[in-house]
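I have placed the structure first, in the form of structure tokens, so that the comments after it can refer back to it.
The values are calculated or read from the model by the stated rules, or taken from the named source; none is laboratory data. None of the values given here were measured: they were computed from a predicted structure. Every residue, glycine as well, gets a Cβ built from its backbone with ideal geometry; the counts of neighbours run over all protein chains shown.
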Amino acid sequence: MTEDLPLSHEDIAEIAAILEKSGYRELDLATRRFRLRVGKADGPQGEPAITQEWQWAGAMGEAATEAGDAVAADPDAICSPLPGTFYHAPQPGAPPFVRPGDAVGPETVIGIVETMKLMNPVHAGRSGKVAEILVPDGTLVPKGAALVRLS
Amino acid sequence: MIRKLFIANRGEIALRVIRTASRMGIETVLAVSEADAGSLPARLADHAVTVGPGPSPQSYLAIERVVDAAVRAGCDAVHPGYGFLSENAAFARAVESAGLRFVGPAISTLEGMGDKLAARALAVEAGLPVLPGGAAQTREAVHARAAQTGFPLLLKAVAGGGGKGMRRVDRAQDLDAALDMAQAEAQAAFGNSAVYVERFVARGRHVEVQVLGDGTNAIHLGTRDCSIQRRFQKLVEEAPAPAMPLAAREGIEQAAVRLARHLGYRGAGTAEFLVDADDFSFYFLELNARIQVEHPVTEAITGVDLVEQQLLVAMGKPLTLTQDMVRPHGHAIEVRINAEDPDAGFRPSPGRAGRAAWPAGEGVRVDTHISVGGEVPPFYDSLMGKLIVHGETREEAVHRLGKALAALHIEGMPTTAPLHRRIIADPRFIAGGVDTGFLEGLGQ
């Protein structure tokens, strides 16, 4: 929570222009609230291009959600190709895509992962028989989470 | 006056509104979901209040919770941003019933423009050209309309937006199957399966006009071309519309003003048109009664802060800008940097940005809520930030864009940046004035 916001885009453009014309490669500014690095990068045809990188106090710390990408150890598991909400059925109340005991082929849809308002079908990827649905309907799963186990 | 503004949105647009409000001396309160509690806008607003869990139906789309939070925070106005509840008449009504100002048009305008068929009828009343087609309640009626428009045609959701419930149909024998899909999608996305039929223009450009109104008077702030789209969603926008005769541009601008005056439009709005890329004839599509994602390109060429104008009009002030005072200068281009993998069918790629080096420099503006360590949650749309460049000429703007895109470096997830590098190297883009089929013809 702050009284004012640091540096408008006009301010940044001015800082970049100063740096571009100077012999320096980088400006690195740290305050209690943020760290700003404005630096030269390699642009097209060797022309220097300028970047701005902001880091806010406390923003990096807890990498809680990165605990995701849980690579499933179970080789029989079908895993989520992306993070999102896992659904068993195409619509609420509709029959599930698969049930334990069902035979599946590589193209069989075993569920849907909703990410950013898009419905992404999850394919079995190989042939087998459904042994267990590992994740309840409507659960938020990380990328790589085991969803269904085949026998 | 507005003393304390409630912002019912998230991401880059929340930050954008906070910036202007702070500059105007207005205190800001941001609605956040649990997933956004640590976001940059939540840190930079004067106050942040949690309105619910991550999924938007329980937070950003929950009218009662949002209005309740605004009232409790002691706010006197609500800015809805874009998307979410921004064009929801029931939300605007709830805000006004609670005694707060809604930063947007009149409720009757939201009602008129939210229904695409009603919007079409209003445009016809105002004397604007529209595409052949119209409503069709039954399967037989859809076939009858198709007989009038011919093929290819577009099926569109009456309550639509964002390309959902929209289907292109090339042959009569595909009409029934496409109708089933469009209705199912429209039902799922909007709770209303009604569709209408419209002629499909083979080489069409998407050109829109920014308008500003105070309920009595209305002006335009020029055109934007948003023809480069995927799945009917915009990727690149520029102002003014390039490679278009001045007379054609002025015709579209005047039509937009006529509509805004006819509606007694209040606030910032965008009239969207389909322009035939070959003869520049144009047809009204819809009016978006809110701030647009791509508003910064208009700000770049006009020097007008559109969010400030929205807030001033919401305070009940008449427009102080006149048409003569708006003197567009130079050319601006915006590219959307989304957390999506353009090489995997634009698959969403939420995650955490380990590094976020955005471009900077003369004529470069970046509107983003993603800094180092910034998170793109899986619940919302994939927009990470907008890169906007401005130059004296289109050529200079394209050159600056190339330099800026070369410098842009985001680690942690695939983004649309590599796609934009390919787009701006394409000779058709460099020449300017591409149609909406541009992406299909893009080389790897």
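Taking the range B:305-329, which residues are away from chain A (no Cβ under 14 Å), surrounded by fewer than 20 Cβ atoms within 10 Å (Cβ to Cβ) and either in a loop (DSSP other than H, G, I, E, B) or within 19 Å of the chain's Cα centre (by Cα) (or both)?
B:Met315, B:Gly316, B:Lys317, B:Pro318, B:Leu319, B:Thr320, B:Leu321, B:Thr322, B:Val326, B:Arg327, B:Pro328, B:His329
Let me spell it out: the conditions are (1) under 30 Å from B:Met1 (Cα atoms); (2) among the acidic types (Asp, Glu); (3) touching a residue at least 60 places away in the same chain (Cβ under 8 Å), and B:Asp68 meets all of them except one. Which number is the exception?
(3)
Tally the residues that are aliphatic (A, V, I, L, M), at pLDDT 90 or above and surrounded by fewer than 17 Cβ atoms within 10 Å (Cβ to Cβ), restricting the search to the range A:90-124.
2
Which ones in the range B:92-124 are more than 15 Å from B:Leu263 (Cβ to Cβ) and over 19 Å from the mean Cα position of the chain (by Cα)?
B:Arg93, B:Ala94, B:Val95, B:Glu96, B:Ser97, B:Ala98, B:Gly99, B:Leu100, B:Arg101, B:Leu117
Exactly one condition in (1) within 11 Å of another protein chain (Cβ to nearest Cβ); (2) buried (at least 24 other Cβ atoms within 10 Å of the Cβ); (3) in contact with a helix residue (DSSP H, G or I) (Cβ under 9 Å, 6 or more places away or on another chain) is false for B:Ser382; which is it?
(3) is the only condition that B:Ser382 fails.
So which of B:Ile337, B:Ile291, B:Ile370 ends up being under 30 Å from B:Thr109 (Cα atoms), β-branched (Val, Ile, Thr) and in contact (Cβ under 8 Å) with a residue 24 or more places away in the chain?
Unique residue meeting the criteria: B:Ile291.
With the requirement that a residue be among the β-branched types (Val, Ile, Thr) and over 20 Å from B:Val366 (Cβ atoms), what does the range B:8-42 give you?
B:Ile26, B:Thr28, B:Val29, B:Val32
I need a count of the residues in the range A:21-55 that are more than 7 Å from chain B (Cβ to nearest Cβ) and among the β-branched types (Val, Ile, Thr). Walk me through it before giving the result.
Narrowing the range A:21-55 to residues more than 7 Å from chain B (Cβ to nearest Cβ): A:21-37, A:39-40, A:42, A:45-46, A:48.
With the extra rule that they be among the β-branched types (Val, Ile, Thr), the set shrinks to A:31.
Total satisfying the criteria: 1.
Suppose we keep only residues that are at pLDDT 95 or above and out of contact with any Ser or Thr (no Cβ under 8 Å at 6 or more places or on another chain) within the range B:40-60. Which one would you say is surrounded by the fewest Cβ atoms within 10 Å (Cβ to Cβ)?
The extreme case among them is B:Val49.
B:Leu419: under 21 Å from the mean Cα position of the chain (by Cα), over 21 Å from B:Ala357 (Cβ atoms), in contact (Cβ under 8 Å) with a residue 40 or more places away in the chain and part of a helix (DSSP H, G or I), yes or no?
no
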